[in-house]
1. Can you find a residue in region 88-100 that is closer than 24 Å to THR11 by Cα, among the hydrophobic types (A, V, I, L, M, F, W, C) and open to solvent by 30 Å² or more (accessible area, probe 1.4 Å)?
2. Can you tell me which of LYS37, LYS8 is modelled with pLDDT of 85 or more and open to solvent by 50 Å² or more (accessible area, probe 1.4 Å)?
3. Which one is farthest from PRO65 (Cα to Cα), of the residues in region 11-33 that are under 16 Å from the mean Cα position of the chain (by Cα) and open to solvent by 90 Å² or more (accessible area, probe 1.4 Å)?
4. Only residues that are of a type in the set (D, E, K, R) and within 13 Å of the chain's Cα centre (by Cα): list them for region 50-103, please.
5. Just a yes or no: is a residue in region 36-48 free of Cβ contacts under 8 Å to residues at least 60 places away in the same chain, closer than 23 Å to GLU80 by Cβ, part of a loop (DSSP other than H, G, I, E, B) and touching a strand residue (DSSP E or B) at 6+ places or on another chain (Cβ under 9 Å)?
6. Within region 66-82, is even one residue farther than 22 Å from LYS97 by Cα, assigned to a loop (DSSP other than H, G, I, E, B), open to solvent by less than 50 Å² (accessible area, probe 1.4 Å) and of a type in the set (A, V, I, L, M, F, W, C)?
7. Across region 40-65, which residue is farthest from ALA94 (Cα to Cα) among those that are open to solvent by 30 Å² or more (accessible area, probe 1.4 Å) and of a type in the set (Phe, Trp, Tyr)?
8. Could you grab me the full set of residues in region 4-32 that are more than 20 Å from THR56 (Cβ to Cβ) and either part of a loop (DSSP other than H, G, I, E, B) or in contact with an Asp or Glu (Cβ under 6 Å, 6 or more places away or on another chain) (or both)?
Amino acid sequence: MKRIPFTKKETNTYIEERKVAPCFICEIVEGKPLRDKHRILYEDEQVIVFFSIYPTHYGHTLVCPKKHSERVVNDLAENEYLYLQKIVHKIGKAVEKVTHPER
């Protein structure tokens, strides 16, 4: 697995920045990410999909609603939530096809 290297100092800096910064997903959606390492894989009117810049596993991907939400189940309407899950399924299949995970 290839990981994106980052130091403890970089991690601590990131955590401190995130405590006071706006939502990092909203920043990406607006085209103004704090970091330029986010690689967008898919985007439509409702959803944005990108690789994590701090992956825990090969192919670690985030599937996010473009609409800001603190609690995705409560903040999204049922149809928005179901659409998000449909994209999660499609992206999961695509990542699995490329990464060939053990389980």
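The values are calculated or read from the model by the stated rules, or taken from the named source; none is laboratory data. Please read all numbers here as calculations on a predicted model, not as lab measurements. We place every Cβ from the backbone using ideal geometry, glycine too, and count neighbours over all the protein chains shown. Please note that ligands, DNA and RNA were not included when accessible areas were found on the heavy atoms of the full protein model with its side chains. Shrake-Rupley method; radii C 1.70, N 1.55, O 1.52, S 1.80 Å.
1. So the first thing to find is which residues in region 88-100 are closer than 24 Å to THR11 by Cα, and the list is none.
So far as region 88-100 goes, no, none of its residues is closer than 24 Å to THR11 by Cα, among the hydrophobic types (A, V, I, L, M, F, W, C) and open to solvent by 30 Å² or more (accessible area, probe 1.4 Å).
2. Numbers: LYS37 fails: modelled with pLDDT of 85 or more.
Answer to the check: LYS8.
3. Selected residue: LYS32.
4. Step one: filter region 50-103 for residues of a type in the set (D, E, K, R), giving 66-67, 70-71, 75, 78, 80, 86, 90, 93, 96-97, 102-103.
Across region 50-103, the qualifying residue is only LYS66.
5. Residues of region 36-48 free of Cβ contacts under 8 Å to residues at least 60 places away in the same chain: 36-48.
Applying the additional criterion that residues be closer than 23 Å to GLU80 by Cβ yields 38, 40-48.
Of the ones still in play, those that are also part of a loop (DSSP other than H, G, I, E, B) are 38, 44-46.
Applying the additional criterion that residues be touching a strand residue (DSSP E or B) at 6+ places or on another chain (Cβ under 9 Å) yields 38, 46.
There is at least one residue in region 36-48 that is free of Cβ contacts under 8 Å to residues at least 60 places away in the same chain, closer than 23 Å to GLU80 by Cβ, part of a loop (DSSP other than H, G, I, E, B) and touching a strand residue (DSSP E or B) at 6+ places or on another chain (Cβ under 9 Å).
6. The answer is yes; a qualifying residue exists.
7. That would be TYR54.
8. Listed by number, the residues that qualify are ALA21, PRO22, CYS23, GLU30, GLY31, LYS32.
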